[in-house]
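Colleague: Just passing along the structure, written as structure tokens.
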Amino acid sequence: MKPHDTLPYSELPDYSDDERIARAQAFYEAIKTRRTCRDFADTPVPREVIETALLAAGTAPNGANHQPWHFAVVESEEKKKAIRDAAESEEKAFYEGKAGKEWLEALAPLGTDDDKPYLETAPYLIVIFGQRKGGMHPGEMKQNYYVNESVGIATGMLITALHDAGLATLTHTPNPMKFLNEVCERPANEKAAMILVVGKPSDTATIPVHATIKKPLDQISSWL
Ligand code: IYR
């Protein structure tokens, strides 16, 4: 192995325990107000907010630091319509039976259906692709590692950054998503993971009560 360069681990602030507790609490209070939104306003959002949130997502831990993701930011009316049309026809088949009874029953309290007007109304659709091959540098076609995990973490950080900037999101996963390569002009080594719909909620947006019920700590964790 060649020796590699290192830097001191110095950027993490050394809070007191009390500060850490207060900060953890404040972050929880802020993030627990995040809600999936299914009714967006067409109000524009500055591109710079999206760019900076994408830079934040791009700092996510990932396999071999190959950063195996691509974020296609769709803002043109024409592309948004193409995505809506294709997604709605996939979703129609899903809701008309492809999903199966158990899945449709699980979704009933969310009130979702195959009508997805927000795919055209929201100012941005960020189509998130995982790169099966790539590497760190442009033009490389190396094997990438832990692509799904890396993309999942980056997406979580993107949602968190956008929420912190006061924007609502919706994770949308039409199935299958192959059509997104063509609409977003992405190569075959990339696979769409999801569409993140981004914008401001409409004045009349609502949330299903079902979605507000979160498992308590003793159900989501154990201490060994
Ligand atoms: N992709 C569909 C269905 C859907 C599936 C799950 I699991 C959800 O939590 C919500 C929706 C849709 O977008 O309607």
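Colleague: Ignoring ligands, DNA and RNA, what percent of the 1.4 Å accessible area of the stretch 141-217 is carbon and sulfur?
Modeller: On the way: 2510 of 4360 Å².
With neighbouring chains kept in place, the figure for the stretch 141-217 is 58 percent.
Colleague: When DSSP beta bridges are limited to those with both residues in the chain, what percentage is antiparallel, rounded to the nearest 5? Each step should come with its number before you reach the end.
Modeller: Values: 22 of 23 bridges.
Rounded to the nearest five, the antiparallel share is 95 percent.
Colleague: Using a Gaussian network for the chain with springs between C-alpha atoms less than 10 Å apart, which of these wobbles most: K191, K142, K116?
Modeller: Maximum fluctuation in the GNM of the chain, among the listed residues, is at K142.
Colleague: Distance cut-off 21 Å, Cα to Cα: go down the list K81/K133; K79/K116; K2/K142; K101/K178; K32/K178; K133/K178 and report the pairs above it.
Modeller: Numbers: K81/K133 29 Å; K79/K116 15 Å; K2/K142 19 Å; K101/K178 25 Å; K32/K178 33 Å; K133/K178 17 Å.
Too far apart for the 21 Å limit: K81/K133; K101/K178; K32/K178.
Colleague: What are the semi-axes of the equivalent ellipsoid of the stretch 102-224, taken as the square roots of 5 times the eigenvalues of the Cα gyration tensor, listed largest first and rounded to whole Å? Before the final figure, lay out each step's value.
Modeller: Values: eigenvalues 160, 91, 49 Å².
Equivalent ellipsoid semi-axes, largest first: 28, 21, 16 Å.
Colleague: Here's another thing I want to ask about it. How large is Rg/Rh for the stretch 1-101, to two decimals, with Cα atoms and a Kirkwood Rh? Walk me through the numbers before you get to the answer.
Modeller: Working: Rg = 21.2 Å, Rh = 19.4 Å.
Radius of gyration over Kirkwood radius for the stretch 1-101 works out to 1.10.
Colleague: Under the rule of -39500 (n - 2.57) per DSSP H run of 4 or more residues, summed and divided by the residues of the chain, what mean residue ellipticity at 222 nm is obtained, to the nearest 500 deg cm²/dmol?
Modeller: Details: 8 runs with 81 residues, N = 224.
Computed mean residue ellipticity for the chain: -10500 deg cm²/dmol.
Colleague: Quick one: P(r) of the stretch 157-224 from all Cα-Cα pairs, 5 Å bins, percents rounded to integers, in order of increasing distance.
Modeller: Pairs per bin, as whole percents: 3, 12, 13, 16, 18, 15, 11, 7, 3, 1.
Colleague: Next question, about the same structure. Take the alpha carbon atoms of the stretch 116-170, find their center, do the same for the stretch 199-224, and report the distance between the two centers in whole angstrom.
Modeller: 22
Colleague: Now for a different question. For the chain, calculate the relative contact order in percent as a whole number, restricting contacts to Cα pairs under 8 Å that are 6 or more residues apart. Mind showing how you got there, number by number?
Modeller: Working: 311 pairs, mean separation 70.9, N = 224.
Result for the chain is 32 percent.
Colleague: Moving on to the next point. Roughly how many Å² is the accessible area per residue of the chain, as a whole number, for a 1.4 Å probe?
Modeller: Working: 14560 Å² over 224 residues.
Heavy-atom SASA per residue in the chain reads 65 Å².
Colleague: Given a 1.4 angstrom probe, I'd like the percentage of the accessible area of the stretch 23-135 that is carbon and sulfur, rounded to a whole number. Walk me through the numbers on the way to the answer.
Modeller: Numbers: 3320 of 6150 Å².
Heavy-atom surface of the stretch 23-135 belonging to carbon and sulfur, 1.4 Å probe: 54 percent.
Colleague: Another question, then. Shape verdict for the chain, please, from the Cα gyration tensor: rounded (a/c under 1.5), prolate (a/b greater than b/c) or oblate. Before the final figure, lay out the partial values.
Modeller: On the way: a/c = 1.63, a/b = 1.18, b/c = 1.38.
Oblate shape, in that a/c is at least 1.5 and b/c is the bigger or equal ratio.
Colleague: Test of understanding: in a Gaussian network model of the chain with alpha carbons linked when under 10 Å, which of V49, V73, V151 would top the mean-square fluctuation ranking?
Modeller: Result: V49 has the largest fluctuation of those listed.
Colleague: Under a point-charge model restricted to the Cβ atoms of Lys and Arg (+1) and Asp and Glu (-1), what is the dipole moment magnitude of the chain relative to its Cα centre, in debye to the nearest 20?
Modeller: Numbers: 25 positive and 33 negative charges, 106 e Å.
Dipole size: approximately 520 debye.
Colleague: Using a Gaussian network model on the chain with a 10 Å cutoff between Cα atoms, which of Y145, Y28, Y118 fluctuates the most?
Modeller: Of Y145, Y28, Y118, the most mobile in the Gaussian network model is Y28.
The values are calculated or read from the model by the stated rules, or taken from the named source; none is laboratory data. In this text, all values refer to a predicted model and were calculated from it rather than measured experimentally. Heads up, the Cβs are rebuilt from the backbone with ideal geometry, glycines too, and the neighbour counts pull from every protein chain shown. The area values use the complete protein model at the heavy-atom level, side chains included, leaving out ligands, DNA and RNA. Shrake-Rupley method; radii C 1.70, N 1.55, O 1.52, S 1.80 Å.
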